[in-house]
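Q: Have a look at this one.
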Amino acid sequence: MQTEFAPYSPMDQRPPTPEADYPDELTCYPEEDRSPGSSYTNPSPGSPLTTPPGWSCHITPDGHWLYTNLYTQEQWMRSEDEQGKPYFYNPSDSTTQWELPQVSVTGWHHQSSGSMSDQYNDSLPLASPPQEKSKTLDKAGVLHRTKTVDKGKRLRKKNWSPSWTVLEGGILTFFKDSKASIAGSLRQPSTSHIPEYTVDLRGATLNWATKNKSSKKNVLELQSRDGSEYLIQHDSEAIIGTWYKAISQGIQEQSTEAYPETDSENSADFGSSERLGGGREKEEEKKHPSKPPTVSPLGPENDSNKVRHKLRKFLLRRPTLQSLRDKGYIKDQVFGCALSTLCERENSLIPRFVQQCIRTVESRGLDIDGLYRISGNLATIQKLRYKVDHDERLDLDDGRWEDVHVITGALKLFFRELPEPLFPFSHFRQFIAAIKLQDQTQRSCCIRDLVHSLPAPNHNTMCLLFQHLCRVIEHKEKNRMSVQSVAIVFGPTLLRPESEEGNMPMTMVFQNQVVELILQQCKDIFPPC
């Protein structure tokens, strides 16, 4: 008769947590998640006990807790006395005691013939089951989680979903369970579940997530050693705080352990001489195998200095921006370029792109509804922008730019992205002060003088643009673009302060009024040539 040990071990129970840790409903979180301690005595009334090693636990149909010895199949029931203190009793002999008996795993075996009872064999030497690294459950509970980066590759969508989360032995596991199974199957501790994500805390970092990472509150950002990133969230600030403490402690404990050699070889250790030294060191080793390896007298500090030196040499070898421009690798862009620089580069009084847009809009028709008010397709506008920045031969009659709103949207984008707006920052306060004047004649004269004092590129571009906008207003019966409508659209685009001011809504009103006054008196300010 061949003997074999029981194929079960405490590690087979996943996750090893009592039933009360599992919420009845997915959206109903427990008041506090579970952090098992070392003591099994004096639990809170009505709460289940942590399953000791060597025992499995499940609920009987009548609602009692039944603990089964994994090796002897001995069973004990859990109950409470009048004061609510838990105790255990054996249904077979009515024995009672405060704690479950300790499990002795030595010497127990199962017969290969399939006998229902376990027998102790005195004739065989005693043996213990294969040694297994002991893991302790540090924490378990339901958390919201999402994976944002997969081994350095950023994921497009944040798929937030609740997950049963277990922290055990330096491993954080997110179990893959549907909404229905979290309320149902997770209630059975003995059933196995599929881990969706398993995070090794060795070399990981944990921080509170910033607002640009997620708009949710109480969000943790966990970065693993393989370059993956996870966001973890819970509505309760107290619970997420305990998780932060538990995970941080797990990371700290794992950092004290030495990494295996295989991990150090596979990791991107830029301090390694093999990484940065190329193949020369390896060739030297092959040529001189008896030569002992050189040992740095300063250790890691010297290695880091070598890395810095090589990086500095690499950065100094980079070509300058001007040299790349001279060779034609980089072309100066149109969007985001200063108005004076663009006109000087194109050797023109007004940027060519502005002239092309205005000609195209007027040729397509000024009676299109919502001209300059309705936004075109943003993706097409960005394609047009890319075409303008990278190709000097721009044909706005191409079918891709058939929608007039794309042309008007690109023109507005051009003015928005100017480093300095069409009304320069140096003249902003003067224009605002002029529009506040009570005397209408004085106000108009002051605005006209300020416009004529602008630099030539600004003045010429403004003249062409406002004359075009006046022609748009002439068709207001069809395009429904009045003077006020055009001023509202172009006010913040053409005239803005260098830094945000205290009363921005009121400032925006004055911006619109400046544009509106210039439109009303365009013929006086910009007389036709």
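The values are calculated or read from the model by the stated rules, or taken from the named source; none is laboratory data. Just so you know, these numbers come straight off a predicted model, no measurement behind them. Note that each Cβ is placed from the backbone with ideal geometry, even for glycine, and that neighbours are counted across all protein chains shown. Keep in mind that these areas ignore ligands, DNA and RNA; they rest on the heavy atoms of the full protein, side chains included. Shrake-Rupley method; radii C 1.70, N 1.55, O 1.52, S 1.80 Å.
Q: Counting just the residues of the range 320-340 that are in a loop (DSSP other than H, G, I, E, B) and modelled with pLDDT of 75 or more, which one comes out farthest from THR461 (Cα to Cα)?
A: So, considering only residues that are in a loop (DSSP other than H, G, I, E, B) and modelled with pLDDT of 75 or more, the one farthest from THR461 (Cα to Cα) is GLN333.
Q: Restricting attention to the range 341-384, which residues are small (Gly, Ala, Ser) and either outside the structural domain of THR408 (by the TED database) or not in a helix (DSSP H, G or I) (or both)?
A: If the condition is that a residue be small (Gly, Ala, Ser) and either outside the structural domain of THR408 (by the TED database) or not in a helix (DSSP H, G or I) (or both), then SER348, GLY365, GLY370, SER375, GLY376 are the ones that fit.
Q: On to the next question. Which one is least open to solvent (accessible area, probe 1.4 Å), of the residues in the range 472-494 that are of a type outside the set (A, V, I, L, M) and more than 20 Å from LEU422 (Cα to Cα)?
A: Let us first name the residues in the range 472-494 that are of a type outside the set (A, V, I, L, M), namely 474-480, 482, 484-485, 490-493.
Right, trim to more than 20 Å from LEU422 (Cα to Cα) and you get 474-480, 482.
Working: GLU474: 135, HIS475: 71, LYS476: 99, GLU477: 157, LYS478: 135, ASN479: 0, ARG480: 141, SER482: 32 Å².
Step by step, filter the range 472-494, then rank; the result is ASN479.
Q: May I pose another question? Would you point out which residue out of GLY376, GLY370 is within 10 Å of GLY409 (Cα to Cα) and of a type outside the set (D, E, K, R)? Reasoning before the result, please.
A: Working: GLY370 fails: within 10 Å of GLY409 (Cα to Cα).
Within the list GLY376, GLY370, the selection yields GLY376.
Q: Right, PRO497: under 26 Å from CYS337 (Cβ atoms), open to solvent by 10 Å² or more (accessible area, probe 1.4 Å) and either among the small types (Gly, Ala, Ser) or outside any helix (DSSP H, G or I) (or both) or not?
A: It is true that PRO497 is under 26 Å from CYS337 (Cβ atoms), open to solvent by 10 Å² or more (accessible area, probe 1.4 Å) and either among the small types (Gly, Ala, Ser) or outside any helix (DSSP H, G or I) (or both).
Q: Does LEU495 satisfy the criteria of being assigned by the TED database to the domain that holds CYS343 and without any contact (Cβ under 8 Å) to a residue 24 or more places away in the chain?
A: On the way: assigned by the TED database to the domain that holds CYS343: yes; without any contact (Cβ under 8 Å) to a residue 24 or more places away in the chain: no.
Against the criterion (assigned by the TED database to the domain that holds CYS343 and without any contact (Cβ under 8 Å) to a residue 24 or more places away in the chain), LEU495 does not qualify.
Q: Separate question: Condition first: at positive phi and either in contact (Cβ under 8 Å) with a residue 60 or more places away in the chain or not assigned by the TED database to the domain that holds GLY250 (or both). Now tell me which residues in the range 204-239 satisfy that.
A: Across the range 204-239, the qualifying residue is only GLY227.
Q: Condition test on LEU413, is it open to solvent by 50 Å² or more (accessible area, probe 1.4 Å), in the same structural domain as VAL514 (by the TED database) and hydrophobic (A, V, I, L, M, F, W, C)?
A: no
Q: Wholly within the range 208-305, which helices (runs of 4 or more DSSP H) include no fewer than the required count, namely at least 2 residues that are exposed (fewer than 10 other Cβ atoms within 10 Å of the Cβ) and modelled with pLDDT under 85?
A: 261-266, 280-287
Q: Another question about this same structure. Inspect the range 426-438 for any residue being among the small types (Gly, Ala, Ser), more than 24 Å from GLU362 (Cβ to Cβ) and not in a helix (DSSP H, G or I) and give the result as yes or no. Show your work before the answer.
A: First, pick out the residues of the range 426-438 that are among the small types (Gly, Ala, Ser): 426, 433-434.
When the remaining residues are screened for being more than 24 Å from GLU362 (Cβ to Cβ), the result is 426, 433-434.
Now restrict to residues that are not in a helix (DSSP H, G or I): none.
Looking through the range 426-438, none of the residues is among the small types (Gly, Ala, Ser), more than 24 Å from GLU362 (Cβ to Cβ) and not in a helix (DSSP H, G or I).
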